[in-house]
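A.B. asks: Got a structure for you, questions after.
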Amino acid sequence: MSIAEAARLIRAGELVAFPTETVYGLGGDATNARAVAKIFEAKGRPQFNPLISHVAGASDARRLVQWNTTADKLAAKFWPGPLTLVLPRAAGSPIALLATAGLDTVAIRAPAHPMAQALIAAAGVPIAAPSANRSGAVSPTRAEHVAESLGDKVAMILDGGPCTVGVESTVLDLTSERPVLLRPGGATREAIEAVIGPVALSDALPSGGAARKSPGQLRSHYAPGRPVRLEATSVSADEGLLAFGPRPLAGARKTLNLSVAGDLGEAAANLFADLRALDRPDIVRIAVMPVPHSGLGLAINDRLRRAAADDGSGSGG
Ligand code: TXA
Ligand code: MG
């Protein structure tokens with residue numbers, strides 16, 4: 001009953017908190033950028049961190065990411081369970097760019113909690129879900145924790161009792177030759193190595209530097225190939241314009257509007273896709289109109305600043 005209602009809410013673009021075996025997740029339709037924007041808004045995240053997409057199992061994952069034999073071995077052993085795999089986005093993958101913070105990789109996991117499995121099956125879409133706490137707070141392992149911090153931000157909280165694992169999933173990057181442990185978690189390094197052999201720790205990698213301090217920052221800067229100019233108050237004919245609001249500047253080669261209505265949720269949902277669309281050969285520079293620094297605007301401006309920084313730290317996506 002409540003699962004069916006929760007699934008309906010997910011399909012309608014609403015947020016549902018649900019139990020997994022690790023921690024409670026704040027779930028939204030991973031293929032719906034507006035729903036994903038709501039997740040960041042509810043968490044009060046200062047920036048767009050890439051999110052984990054939750055699926056029923058390996059057959060679902062194959063349609064979303066470029067699956068490989070290492071992933072196959074790991075899924076056979078650990079799924080459903082507390083192991084998240086980072087893999088290249090599949091061609092035509094329906095996962096919203098905002099869910100992966102513009103990256104060309106997707107973090108994917110099949111949770112073991114029966115209620116999570118039931119919700120994913122009933123919703124029929126991959127569910128993007130960070131831990132269901134406000135940014136910077138401790139991950140919730142009981143429905144009451146979620147109600148305390150996010151109760152007014154979600155359409156529904158599914159109560160599945162206390163989480164059995166209690167720490168977040170292990171995040172393993174399978175996009176480089178040697179698998180890299182990005183975040184230790186519910187599946188141990190030893191157990192993973194028993195299946196696929198040696199795994200590198202993200203800190204031990206060469207050419208790391210500050211960018212590798214935390215998993216959320218690892219290769220998580222989407223930067224377009226073309227320079228980005230912020231706070232534009234005029235635009236030239238060889239520039240692409242990323243506009244915001246009802247009065248876009250005139251004169252650009254190509255204009256895309258993050259939100260004609262000036263809606264920050266809509267702007268967040270369009271941000272990465274619009275940046276990519278303007279990153280094309282006939283445009284020398286991307287000019288960006290000012291976006292307010294309130295609410296989701298903080299995260300939008302954070303990403304825009306990174307895109308404009310041009311320090312070579314971007315993944316290029
Ligand atoms: O146990 C868990 O993993 C819980 C439950 C709800 O599944 N979820 C969770 O999500 O802990 P979150 O958003 O709090 O943490 C996701 C982690 C972050 O460290 C993020 O940087 C990393 O996964 N991540 C997500 N997508 C990534 C990607 N494409 N590349 C590298 N790291 C990624
Ligand atoms: Mg978290």
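The values are calculated or read from the model by the stated rules, or taken from the named source; none is laboratory data. Since the structure is predicted, the reported quantities are computational estimates derived from the model, not experimental observations. Positions of Cβ are generated from backbone atoms using ideal geometry, with glycine treated the same way; all protein chains shown enter the neighbour counts. Side chains included, ligands, DNA and RNA excluded: accessible areas come from the protein's heavy atoms. Shrake-Rupley method; radii C 1.70, N 1.55, O 1.52, S 1.80 Å.
A.B. asks: May I ask what percent, to the nearest 5, of DSSP beta bridges between residues of the chain are antiparallel? Could you put the intermediate results ahead of the total?
C.D. replies: Numbers: 16 of 37 bridges.
Around 45 percent of the beta bridges assigned by DSSP in the chain are antiparallel ones.
A.B. asks: Then there is this: Which percent of the accessible heavy-atom area of the stretch 1-155 goes to carbon and sulfur, probe 1.4 angstrom?
C.D. replies: On the way: 2850 of 5500 Å².
Of the solvent-accessible surface of the stretch 1-155, carbon and sulfur hold 52 percent.
A.B. asks: Apply the Karplus parameterisation 6.51 cos²θ - 1.76 cosθ + 1.60, with θ equal to phi minus 60°, to every residue of the stretch 179-190 and state each ³J(HN,Hα) to the nearest whole Hz, in sequence, with x for glycine and proline.
C.D. replies: Calculated HN-Hα couplings, in order: x, 10, 7, 8, 8, x, x, x, 9, 6, 4, 4 Hz.
A.B. asks: Give the distance, in whole Å, between the Cα centre of the stretch 266-306 and the Cα centre of the stretch 150-170.
C.D. replies: Comparing the Cα centres of the stretch 266-306 and the stretch 150-170, I get a distance of 32 Å.
A.B. asks: Counting heavy atoms of the protein chains only and a 1.4 Å probe, report the per residue accessible area for the stretch 28-84 as a whole number of Å².
C.D. replies: Details: 2150 Å² over 57 residues.
Result: 38 Å² of accessible area for each residue.
A.B. asks: Please list, in order along the stretch 34-41, the HN-Hα scalar couplings obtained from phi with the Karplus expression 6.51 cos²θ - 1.76 cosθ + 1.60 (θ = phi - 60°), rounded to whole Hz, x for Gly and Pro.
C.D. replies: 5, 5, 5, 4, 4, 4, 4, 5
A.B. asks: I've got another one for you. Helix 114-123 sits at what angle to the longest principal axis of the chain, using alpha carbons and giving 0 to 90 degrees rounded to 10?
C.D. replies: So the inclination is approximately 40 degrees.
A.B. asks: Collect residues whose amide H, placed 1.01 Å from N in the peptide plane, falls under 5 Å from the amide H of residue 255; neighbours closer than 5 in sequence don't count.
C.D. replies: 241
A.B. asks: Follow-up. Show which lysines lie in cross-link reach of residue 153 when reach means a straight Cα distance below 28 angstrom and same-chain residues fewer than eight apart are skipped.
C.D. replies: Correct list for residue 153: 38, 43.
A.B. asks: Springs between alpha-carbon atoms under 10 Å, Gaussian network over the chain: tell me which of 290, 224, 246 tops the mean-square fluctuations.
C.D. replies: 246
A.B. asks: Using only the Cα atoms of the stretch 26-159, what are the Rg and Dmax in Å?
C.D. replies: Every Cα atom of the stretch 26-159 included, Rg and Dmax give 14.3, 43 Å.
A.B. asks: While we're here: Evaluate the stretch 1-55: find the radius of gyration of its Cα atoms, find its Kirkwood radius, and give the ratio Rg to Rh. Before the final figure, lay out each step's value.
C.D. replies: Working: Rg = 11.2 Å, Rh = 11.7 Å.
Taking Rh as the inverse mean 1/r over Cα pairs, Rg/Rh reads 0.95.
A.B. asks: For the stretch 229-271, state which GluC sites (Glu not before Pro) are in a DSSP loop and have at most 15 other beta carbons lying within 10 Å of their beta carbon.
C.D. replies: Values: sites: 231, 239, 266; in loops: 231.
Passing sites in the stretch 229-271 are 231.
A.B. asks: Here's another thing I want to ask about it. Rolling a 1.4 Å sphere over the protein heavy atoms, what is the accessible area per residue of the stretch 140-185, to the nearest Å²? It would help to have the intermediate numbers written out before the result.
C.D. replies: Working: 2290 Å² over 46 residues.
On a per-residue basis, 50 Å².
A.B. asks: Percentage of Cα-Cα pair distances in the chain greater than 36 Å, rounded to whole percent? Walk me through the numbers on the way to the answer.
C.D. replies: Details: 8927 of 50086 pairs.
Across the chain, Cα pairs with separations above 36 Å total 18 percent.
A.B. asks: Please give me the summed charge of the neighbours of residue 234: other residues whose Cβ is under 15 Å from its Cβ, Lys and Arg +1, Asp and Glu -1. Could you put the intermediate results ahead of the total?
C.D. replies: On the way: positive: 229, 247, 253, 285; negative: 231, 238, 239.
Spelling it out: positives minus negatives among the neighbours equals +1.
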